[in-house]
Amino acid sequence: MSNDKIKRASPHVLPSLPYADNALDPVISPNTIGFHHGKHHKGYVDNLNKLVAGTEFADLSLEKIITKTAGKDDQAAIFNNAAQTWNHTFYWRSLRPKGGGEPPATLKQKIEASFGTLDACKKELATAAMAQFGSGWVWLVLDGDKLKVVKTGNADVPMTTGKKPLLTIDVWEHAYYLDYQNRRADYVNAVLDKLINWDFAAENLG
Ligand SMILES: [Fe+2]
């Protein structure tokens with residue numbers, strides 16, 4: 001009986017933040033975190049649970065739901081809420097208090113092999129973030145043996161095109177508008193310099 005409960009994928013649960021809601025201040029304020037985690041991220045989780053209840057997706061893991069609904073117009077609502085649930089959990093872990101700085105050696109070597117320098121990698125992430133028209137995400141991914149920067153629109157994820165995400169930055173306006181208004185570049189550059197969690201990206205290489 002109790003096993004059934006453990007195995008059930010749904011209802012999906014909003015993960016706690018991996019740090020206090022004021023831990024990223026002043027780059028990202030507790031006010032932004034409160035709305036972003038407590039309203040937006042929670043909203044995606046709640047919507048997903050409503051949408052999958054009683055369907056073939058009810059007992060599937062988040063990852064399975066994403067891969068089974070990707071690219072299917074008639075399942076766009078389920079895909080969007082599942083992918084946004086996953087993306088936000090991955091985003092919170094892509095940041096940390098006192099982040100930025102130097103990546104661990106294995107990751108740094110891979111960055112230098114793919115981009116030349118760490119600065120060139122950061123610049124490509126910032127450029128992609130600015131080039132994403134409207135809402136979306138910028139990612140550092142492993143594509144084959146190479147690291148690449150990719151951007152995705154709305155809820156889209158790199159996994160569905162065979163790329164392994166290492167870290168992400170949310171560039172939906174709700175991620176920065178309260179703190180930076182329309183200054184997306186200032187938000188992205190501050191995140192890259194002060195919050196980005198290279199240790200998390202290095203773990204994802206493995
Ligand atoms: Fe977001």
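The values are calculated or read from the model by the stated rules, or taken from the named source; none is laboratory data. What you see is a predicted model, and the numbers here were worked out from it, not measured in a lab. So basically every Cβ, Gly included, is an ideal-geometry build from the backbone, and we count neighbours across all protein chains shown. Quick note on the areas: whole protein, heavy atoms, side chains included, nothing else; ligands and nucleic acids left out. Shrake-Rupley method; radii C 1.70, N 1.55, O 1.52, S 1.80 Å.
For ALA155, state whether it is in a loop (DSSP other than H, G, I, E, B) and either out of contact with any His (no Cβ under 9 Å at 6 or more places or on another chain) or under 16 Å from LEU95 (Cβ atoms) (or both). In short, yes.
Considering every residue within the range 110-126, establish whether at least one is under 24 Å from ASP25 (Cα atoms) and within 13 Å of the ligand (Cβ to nearest atom). Reasoning before the result, please.
Going through the range 110-126, the residues under 24 Å from ASP25 (Cα atoms) turn out to be 119, 122-123, 125-126.
This time we only want the ones that are within 13 Å of the ligand (Cβ to nearest atom), so: none.
No, the range 110-126 has no match at all.
Within the range 68-116, the only residue that satisfies the criterion of being of a type in the set (A, V, I, L, M), touching a residue at least 40 places away in the same chain (Cβ under 8 Å) and farther than 27 Å from ASP199 by Cα is ALA70.
Conditions (1) more than 17 Å from HIS40 (Cα to Cα); (2) polar (S, T, N, Q), marked per residue:
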| site | (1), (2) |
| --- | --- |
| ALA128 | yes, no |
| TRP137 | no, no |
| LEU140 | yes, no |
| LYS151 | yes, no |
| GLY162 | yes, no |
| LEU166 | yes, no |
| ILE169 | no, no |
| GLN181 | yes, yes |
| ASP186 | yes, no |
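Residues in the range 182-197: is at least one assigned to a strand (DSSP E or B) and either at pLDDT 95 or above or over 13 Å from GLY101 (Cα atoms) (or both)? Checking the range 182-197: at least one residue is assigned to a strand (DSSP E or B) and either at pLDDT 95 or above or over 13 Å from GLY101 (Cα atoms) (or both).
Quick check, is LYS151 more than 30 Å from ASN49 (Cα to Cα) and open to solvent by 30 Å² or more (accessible area, probe 1.4 Å)? Steps first, please.
On the way: more than 30 Å from ASN49 (Cα to Cα): no; open to solvent by 30 Å² or more (accessible area, probe 1.4 Å): yes.
Criteria not met by LYS151.
Checked against (1) under 28 Å from ILE196 (Cβ atoms); (2) open to solvent by 50 Å² or more (accessible area, probe 1.4 Å); (3) within 16 Å of the ligand (Cβ to nearest atom), ASP46 meets all criteria but (1). Among the residues of the range 170-206, those that are touching a Leu at 6+ places or on another chain (Cβ under 9 Å) and open to solvent by less than 30 Å² (accessible area, probe 1.4 Å) comprise VAL188, VAL191, LEU192, LEU195, ILE196, ASN197, TRP198, PHE200, ALA201, ALA202.
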